[in-house]
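Q: The following block contains the structure, expressed as structure tokens.
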Amino acid sequence: MRLVLLGAPGSGKGTQASRLKTHLQVPHISTGDLLRAEVAAGSSLGRQAKEVMARGDLVSDEILLGMLEDRFSRDDTRGGFILDGYPRNLAQAAALDVMLQRLGQPMDSAVQLEVDNELLVERLAGRGRDEGRADDTPEAVRYRLEVYDTQTAPVIDFYRTHDQLTTVDGVGTLDEVFDRIVAAITPARAAC
Ligand code: AP5
């Protein structure tokens, strides 16, 4: 199963992807996690990305595509994957489409997690307090939500136009949201 999870910062993509990877037995590819690992390692890529991420902006499309191509060159993606955090704009959506077509692995399904802004801010403030993630400050969260609205929201229409989109209510317990996602992807799984 080749699945992409879409939704605003704090909508639960990462949380649900880590549960789904066990359920679907495919790797979870989070571009945010890949970038944070580069930052933690102090690599040249990580040094370029660090400030951009802390203020809540998008890292360059070239860096992301290179990182993704590298990740998709690993054998574990052959049987499918769950993508989280990519694509973040229409240029990335088009580049991903081309890359997956070239690999003969077109996307099976896109699931959008829908959560209202007030709750997103509340969740990210909670994570900021608990985990101290650099981009969970009130200022960065506000900016990330703006970036989502202006640059990432159009990606939803990209998958809608390709007839691959299902929107799921992202409010509820972790189990409730998980069950909704599993139900949403059942037709696409059956067709795989
Ligand atoms: P990334 O790591 O992708 O951040 P994000 O999209 O802002 O995602 P979050 O991790 O904040 O939210 P999430 O939807 O995964 O929610 P989560 O499950 O964590 O990207 C970070 C940065 O990297 C970007 O800003 C950018 O700079 C850069 N970047 C990454 N990809 C890029 C790309 N493609 N192009 C350019 N730049 C890129 O949950 C959030 C919180 O809510 C947690 O505390 C969780 O416990 C809680 N929660 C989750 N579900 C529930 C629930 N049902 N009920 C109650 N609480 C819940």
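Q: One residue is enough: does the range 26-33 have a residue meeting the conditions in a helix (DSSP H, G or I), away from the ligand (no atom under 11 Å from the Cβ) and either closer than 30 Å to Gly172 by Cβ or of a type in the set (Gly, Ala, Ser) (or both)? Step through it out loud before you land on a result.
A: Quick first cut of the range 26-33, residues in a helix (DSSP H, G or I) only: 31-33.
Those still in the list that are away from the ligand (no atom under 11 Å from the Cβ) too: none.
Looking for residues that are in a helix (DSSP H, G or I), away from the ligand (no atom under 11 Å from the Cβ) and either closer than 30 Å to Gly172 by Cβ or of a type in the set (Gly, Ala, Ser) (or both), one finds none in the range 26-33, hence no.
Q: Filter the range 116-147 for residues that are within 18 Å of Arg36 (Cβ to Cβ) and either of a type in the set (Gly, Ala, Ser) or in contact with a Ser or Thr (Cβ under 6 Å, 6 or more places away or on another chain) (or both); which is surrounded by the fewest Cβ atoms within 10 Å (Cβ to Cβ)?
A: If we take residues in the range 116-147 being within 18 Å of Arg36 (Cβ to Cβ) and either of a type in the set (Gly, Ala, Ser) or in contact with a Ser or Thr (Cβ under 6 Å, 6 or more places away or on another chain) (or both), then Gly132 is surrounded by the fewest Cβ atoms within 10 Å (Cβ to Cβ).
Q: Within the range 1-25, work out how many residues are at negative phi, within 11 Å of the ligand (Cβ to nearest atom) and of a type outside the set (A, V, I, L, M).
A: 8
Q: Mind listing just one residue for me: the one in the range 150-161 that is touching a residue at least 12 places away in the same chain (Cβ under 8 Å) and away from the ligand (no atom under 11 Å from the Cβ) and, of those, surrounded by the fewest Cβ atoms within 10 Å (Cβ to Cβ)? Explain how you work it out, then say what you get.
A: Filtering the range 150-161 for residues touching a residue at least 12 places away in the same chain (Cβ under 8 Å) gives 151-152, 154-156, 158-159.
Next, only the ones that are away from the ligand (no atom under 11 Å from the Cβ) stay: 154, 156, 158-159.
Numbers: Pro154: 12, Ile156: 17, Phe158: 20, Tyr159: 20.
Of everything passing the filter in the range 150-161, Pro154 is surrounded by the fewest Cβ atoms within 10 Å (Cβ to Cβ).
Q: Here's a follow-up. Can you tell me which of (1) under 26 Å from Asp97 (Cβ atoms); (2) surrounded by fewer than 21 Cβ atoms within 10 Å (Cβ to Cβ); (3) not small (Gly, Ala, Ser) is the one Val39 doesn't meet?
A: (1)
Q: Say whether the condition of being among the basic types (Lys, Arg), outside any loop (DSSP other than H, G, I, E, B) and without any contact (Cβ under 8 Å) to a residue 60 or more places away in the chain is met by at least one residue in the range 94-115. Step through it out loud before you land on a result.
A: At the first step, the residues of the range 94-115 found to be among the basic types (Lys, Arg) are 102.
Then keep just the ones that are outside any loop (DSSP other than H, G, I, E, B); that gives 102.
Subsequent filtering for residues that are without any contact (Cβ under 8 Å) to a residue 60 or more places away in the chain retains 102.
Yes, the range 94-115 contains a residue that is among the basic types (Lys, Arg), outside any loop (DSSP other than H, G, I, E, B) and without any contact (Cβ under 8 Å) to a residue 60 or more places away in the chain.
Q: Follow-up question, since we're still on this one. Out of Arg88, Arg36, Arg47, report the one residue that is modelled with pLDDT of 95 or more, charged (D, E, K, R) and more than 13 Å from the ligand (Cβ to nearest atom). Working first, answer last.
A: Values: Arg88 fails: more than 13 Å from the ligand (Cβ to nearest atom); Arg36 fails: more than 13 Å from the ligand (Cβ to nearest atom).
Just a single option satisfies the conditions, and that option is Arg47.
Q: In the range 116-147, which residue that is assigned to a helix (DSSP H, G or I) and of a type in the set (Lys, Arg) is farthest from the ligand (Cβ to nearest atom)? Break it down into steps so the answer makes sense when it comes.
A: Within the range 116-147, the first condition is being assigned to a helix (DSSP H, G or I), and the residues that meet it are 117-131, 134-136, 138-147.
Now narrow it down to the ones that are of a type in the set (Lys, Arg): 123, 127, 129, 142, 144.
Values: Arg123: 4, Arg127: 4, Arg129: 10, Arg142: 12, Arg144: 5 Å.
Across the range 116-147, the extreme among qualifying residues is Arg142.
The values are calculated or read from the model by the stated rules, or taken from the named source; none is laboratory data. Keep in mind the model is a prediction, meaning the values are calculated, not measured. Heads up, the Cβs are rebuilt from the backbone with ideal geometry, glycines too, and the neighbour counts pull from every protein chain shown.
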